[in-house]
Amino acid sequence: MAEEITRLAVHYLDDLDARRIFPLTQAGQTDALFRRSTPEEGAGIDSLANLQDVIDHCRAQNGRFFGYVLGSGDPVGAAADLLASVLNQNVTAWRSSPAAVTLERTVVSWLAEAVGCRSFHGSLTGGGSSANLMALAIARESKLRANDRGLIEAGKCTVYASGEVHMSIPKAVALLGIGTSNLQLISTNERFQMPPSELDSAIQHDRTAGKIPIAVVASAGTVNTGAIDPLPEIAAIARRHHVWLHVDGAYGALAALAGPEKFAGLALADSISLDPHKWLYQPLDCGCLLFRDRVLAHATFSRTDDYARSLSTDAIESFSFFEESIELSRRFRALRLWLSVRYHGLRAFRDAIKKDLALAQRLAQQIADERDLQLLAPVELSAVCFRFRGQESIPEDELNRRNAAILQRVIQRGRVYLSNATLHGKFCLRACIVNHRSTEPDVDCIVPEVLAAAKEVPSST
Ligand SMILES: *Cc1c(COP(=O)(O)O)cnc(C)c1O
């Protein structure tokens, strides 16, 4: 089984560049292929028969994949995953898995150091969304300790973020019972950043109205445009108002490896979310939450039943991730990152991120040079938002419809994969480069593909 699966994986990688970026398939076809009743009898080695169909109906992550914010899956990490699953460690406490817990603590400290927050603690998570949820849970716990716990039921706690904040933040606020009506979304400036003065007035205003501001979420790389909120100013405001500062760095913060200047102020945060499955190119899933104060994480998450209680008093042997995290049973996520960084060295990651940043600037320049296209946001990191504009003057709603049709056409053409964003009501095509496989020739396909797709889309759509 292992040899055959390895053969399929190696063949897939060899062939990756030539593959369609999105399979020529439809819901009916994938359903017909894979939706079968549960087999009562095992097929043994014959069960491998359908695997080539699975591979052929996957989206291919070659160098021309520029959708969403999605890392490109380092094969070294993938190889490590096979071993991690075979070892089947439950990375819950040193007591249950000494090596795996130590590796995870090691890679978490590497990640903290990578973003200039050496003294922070934390754990790997399923992604940025769970890291954001955990961060706001710790924020709520620690701020309500200082106030009256009953007030959270009264819907008096407030959380602040920019209007460009990732959707996982309203989700976390809802799940934590804070209520989305208590999430104040501050309008962004022309660079899609949160203006500190407006944050300050919003907090002031809520205080005066008897609310309890508990947390500010700043973005270090918004998902749409990669905007980085002004962290030092926001940190100063958070400190002045005794409000928790969480930085959502799931998209961007690991780019500090390539240029820490953009991320000044990150170390002033109380907690930071990172996503090694994005800009450290790790196979899904691998997120990370970093926090400054372990005591507060314990106060939030530590519920120990006797069966899981550590019997050791040694600081290392009694360590438990489950006391600092939502998760109890946890897979061995650290092995892939540990092996991948050891294999390539950190410098290779710095260089790959620098290359992605440079490719985004290259694309932005190509768009600026093309009369039929229009850049719709500054390129702070590696997300490039633009649209087809054409030569005649086209009404805004028609432009929105036409660009949505162009995007669908680009994906059908199968050569490059873009996604979309809406900025100030404008539908954008969005290329985001967090891909260790992308090269200049890959990026140079984007403009011609969009122009070719635009020709194929009738103007009345
Ligand atoms: C991707 C992303 C998230 C969510 O992370 P997942 O790993 O998809 O759960 C949160 N915030 C930002 C800015 C992101 O780019």
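The values are calculated or read from the model by the stated rules, or taken from the named source; none is laboratory data. In this text, all values refer to a predicted model and were calculated from it rather than measured experimentally. Here the Cβ positions follow ideal geometry from the backbone for every residue, glycine too, while neighbour counts run over all protein chains shown. For accessibility, only protein heavy atoms count, side chains too; no ligands or nucleic acids. Shrake-Rupley method; radii C 1.70, N 1.55, O 1.52, S 1.80 Å.
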May I ask you to give the percent of accessible area on the chain that is carbon plus sulfur, with a probe radius of 1.4 Å? 53 percent
In whole Hz, the Karplus estimates of ³J(HN,Hα) for the range 404-409 (6.51, -1.76, 1.60; θ = phi - 60°; x where Gly or Pro) are 5, 5, 5, 4, 4, 5
With a sphere of radius 10 Å drawn around the Cβ of residue 196, what net charge do the other residues whose Cβ falls strictly inside it have (Lys, Arg +1; Asp, Glu -1)? -4
Using the Karplus equation 6.51 cos²θ - 1.76 cosθ + 1.60 (θ = phi - 60°), what ³J(HN,Hα) coupling, rounded to whole Hz, does each residue of the range 240-248 give in order, writing x for Gly and Pro? 4, 9, 6, 10, 5, 10, 9, 10, 7
So who's got an amide H within less than 5 Å of the one on residue 244, skipping anything under 5 residues away but keeping other chains? H placed 1.01 Å off N, in plane. 215, 216
Expressed as a rounded percentage, what relative contact order does the chain have, with Cα pairs under 8 Å and six or more residues apart? 22 percent
Relative packing of peptides 174-187, 231-244 - highest average C-beta neighbours within 10 Å first: 231-244, 174-187
Do any cysteines of the chain lack a neighbour Cys whose Cβ is under 4.7 Å away, and which are they? 58, 117, 157, 286, 288, 432, 445
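When you count, for each residue, the other Cβ atoms within 10 Å and take the mean per peptide, how do 309-318, 261-270 rank with the highest first? Intermediate results must be reported in sequence, preceding the final value.
Values: 309-318: 11.0, 261-270: 19.6.
In decreasing order of mean packing, 309-318, 261-270 become 261-270, 309-318.
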Order 68, 251 by their accessible area, 1.4 angstrom probe, all chains in place, largest first. 68, 251
Can you compute the charge dipole magnitude of the range 412-461 about its Cα centre, using +1 on each Lys and Arg Cβ and -1 on each Asp and Glu Cβ, nothing else charged? Give it in debye, rounded to the nearest 20. 180 debye
With r as the distance between the Cβ atoms of residue 119 and residue 38 and R0 = 41 Å, compute the FRET efficiency 1/(1 + (r/R0)^6) and round to 0.05. 0.25
In the neighbourhood of residue 221 defined by beta carbon distances under 15 Å, the net charge of the other residues (Lys, Arg +1; Asp, Glu -1) is -3
Label-point separation (nm) for residue 304 and residue 110, each offset 7 Å from Cα along Cα-to-Cβ? 2.9 nm
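Just how large is the dipole of the range 80-344 about the Cα centre, in debye to the nearest 20, putting +1 at every Lys and Arg Cβ and -1 at every Asp and Glu Cβ? Intermediate values should be presented prior to the final figure.
On the way: 25 positive and 26 negative charges, 39 e Å.
With Lys and Arg at +1 and Asp and Glu at -1, about 180 debye.
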Ordering 207-213, 374-380, 133-139 by per-residue average of other C-beta atoms within 10 angstrom, highest first, gives 133-139, 374-380, 207-213
Determine the shape class of the chain: with a ≥ b ≥ c the square roots of the Cα gyration tensor eigenvalues, call it rounded for a/c under 1.5, and otherwise prolate if a/b is greater than b/c, oblate otherwise. oblate
With +1 at each Lys and Arg Cβ and -1 at each Asp and Glu Cβ, the charge dipole magnitude of the chain around its Cα centre, to the nearest 20 debye, comes out at 640 debye
Which order do you get for 164, 104, 396 if you rank them by accessible area with a 1.4 Å probe, largest at the top? 396, 164, 104
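Please compute the per residue accessible area over the chain with all protein chains in place, 1.4 Å probe, rounded to a whole number of Å². Provide the component values of the computation, followed by the final result.
Details: 20780 Å² over 461 residues.
Value returned for the chain: 45 Å² of accessible area per residue.
State whether the range 294-411 is rounded, prolate or oblate according to the following rule on the C-alpha gyration tensor (a ≥ b ≥ c being the square roots of its eigenvalues): a/c under 1.5 gives rounded; otherwise a/b larger than b/c gives prolate, and the remaining case gives oblate.
Working: a/c = 4.03, a/b = 2.39, b/c = 1.69.
Taking the square roots of the gyration eigenvalues as a ≥ b ≥ c, the range 294-411 is prolate.
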Which cross-chain or sequence-distant (5 or more) residues have an amide H under 5 Å from the amide H of residue 122, H modelled 1.01 Å from N in plane? 291
Of 159, 125, 339, farthest towards positive along the dipole that unit charges on Lys, Arg, Asp, Glu beta carbons give the chain: 159
If R₀ is 22 angstrom, what is the calculated FRET efficiency for the pair residue 56 and residue 3, using the beta carbon separation as r and rounding to 0.05? 0.60
Can you tell me how much longer the chain between residue 242 and residue 30 gets when fully stretched, taken as 0.36 nm per residue apart minus their C-alpha distance, in nm with one decimal? 71.1 nm
